[in-house]
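Reading through the structure tokens given below for one structure.
The values are calculated or read from the model by the stated rules, or taken from the named source; none is laboratory data. Not measured: the values here are computed from a predicted model. Note that we place each Cβ from the backbone using ideal geometry, even for glycine, and neighbour counts take in every protein chain shown. In case anyone asks, the SASA skips ligands and DNA or RNA and just uses the protein heavy atoms, side chains included. Shrake-Rupley method; radii C 1.70, N 1.55, O 1.52, S 1.80 Å.
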Amino acid sequence: MKIAFVGKGGSGKTTLSSLFIRQLAATRIPVIAVDADINQHLGPALGLDEADAADLPAMGARLPLIKDYLRGTNPRIASAETMIKTTPPGEGSRLLRIREDNPVYAACARPLELEGGTDVRLMVTGPFTDSDLGVACYHSKVGAVELCLNHLVDGRDEYVVVDMTAGSDSFASGMFTRFDATFLVAEPTRKGVAVYRQYKEYARDFGVILHVVGNKVQGPDDVAFLREEVGDDLLVTFGHSDWVRAMEKGRPPRFETLEPANLGALRTLYEAADASYELRDWERYTRQMVHFHLKNAESWGNARTGADLAAQVDPAFTMDEGLATAQGPGAASAPQPA
């Protein structure tokens, strides 16, 4: 299952995504945690100190390795250099699975032990560096995440949880369509629900499952405000948490001591995420992937790479959970006609 946490800066999306990851790990569900925000806060929210978080390998810095591995033997991709963040897989491409070891995880993921001896894999886009200033766009770093999501085959009882960039930047490339469910974290203020309106409008025609999670809610008036602004999209709310305050000071108590109301809210998030599995449509998923790839190819990709990126699309290929058992480690093969 692919889950995104989005919201405006300061809404608490990183905090809530880290709590959701902890809950999954506590129930021994395999998790890959991805910090797709260049303001790298997910590692510390999961218990890393600042020094260890700063030493995490940046996916953006390892993009050539990621491209070379995912390209595999796909004859439609002339070289790894012609791959862009929206490049879809086809026959011969290597696909990623959550419960496997591969060169991408070896280079970009680090195991992080949470309570109960359960490890999650943590991957980060990486922050801006001095060499990026004036010459690089952070979208190129987030592009490594999108490329991996495009090549990921995942099932129901395994999760990739992505802490997204603030605001609605994921609409630039279509990354917002890569998820089974999106949790939009909103404070009970006008600014807090502004990003919701953007997401709702942009996602309307793409079948995006959007749930609003109210955060920093202090009472019935706050709940009523959110309900008035977002209607039935409001899934659940989180209130004040002494546990979170201790976590932010670097001294998190045991996860099981999180306030009962907030533990209940996390269970509601899990139930909503799990229910989205029944709505999966791999054909639509593949179609949208191709749609945004062609848009990006025409608007900038062809000029950037000097190649006709539309030729990378394999019309006979559809992503499908059954590809998780394709022949060979990571190999993808096009569905055969009946």
*asked:* Taking all protein chains in place and a 1.4 Å probe, what share, in percent, of the accessible surface of the chain do carbon and sulfur account for?
replied: 51 percent
*Work through the residues other than Leu96 whose Cβ is under 12 Å from its Cβ and net out their charges, Lys, Arg +1 and Asp, Glu -1.*
+1
_Suppose we take every Cα in region 1-136 and form the convex hull; what volume per residue is that in Å³?_
131 Å³
*Candidate lysines - alpha carbon under 18 Å from Lys295, same-chain residues fewer than 8 apart omitted*: Lys85
*Starting from one equal scatterer on each C-alpha and no solvent at all, send me the Debye-based log10 I(q)/I(0) for region 162-262 at q = 0.10, 0.20, 0.23 Å⁻¹, two decimals.*
-0.33, -1.04, -1.18
_Farthest positive-ward along the chain dipole, Cα basis, beta-carbon charges - from Trp243, Phe206, Ile32_ = Phe206
*Please get the size of the charge dipole for the chain, origin at its Cα centre, with Cβ charges of +1 on Lys and Arg and -1 on Asp and Glu, quoted in debye to the nearest 20.*
360 debye
*Nearest-ten-degree value, helix 220-230 long axis tilted from longest Cα axis of the chain*: 30 degrees
*Using the Cα atoms of region 227-330 to build a convex hull, what is its mean projected area in square nanometres?*
12.8 nm²
*Compute the acute angle (0 to 90°) between the alpha-carbon long axis of helix 190-203 and the principal axis of greatest extent of the alpha-carbon atoms of the chain; round to the nearest 10°.*
30 degrees
*Sort largest first and round to whole Å: the equivalent ellipsoid semi-axes of the chain, each the square root of five times a Cα gyration tensor eigenvalue.*
32, 22, 20
_Å² per residue, accessible surface of the chain at 1.4 Å_ = 45 Å²
*asked:* Less than 13 Å Cβ to Cβ from Leu112, Lys/Arg counted +1 and Asp/Glu -1: what total charge do the surrounding residues give?
replied: -4
_Restricting to DSSP H runs of at least four residues, report the calculated mean residue ellipticity at 222 nm for the chain, -39500 (n - 2.57) per run over all residues, nearest 500 deg cm²/dmol._
-10000 deg cm²/dmol
*Would you mind classifying region 210-258 by shape? Square roots of the alpha carbon gyration tensor eigenvalues, ordered a ≥ b ≥ c; an a/c under 1.5 is rounded, otherwise it is prolate if a/b is larger than b/c and oblate if not.*
prolate
*Relative contact order for the chain, counting Cα pairs under 8 Å that sit 6 or more residues apart, in percent*: 26 percent
*Among residues other than Met247 whose Cβ falls under 12 Å from its Cβ, what is the net charge (Lys/Arg +1, Asp/Glu -1)?*
+3
*Have a look at the DSSP beta bridges in the chain and tell me what percent are antiparallel, nearest 5.*
15 percent
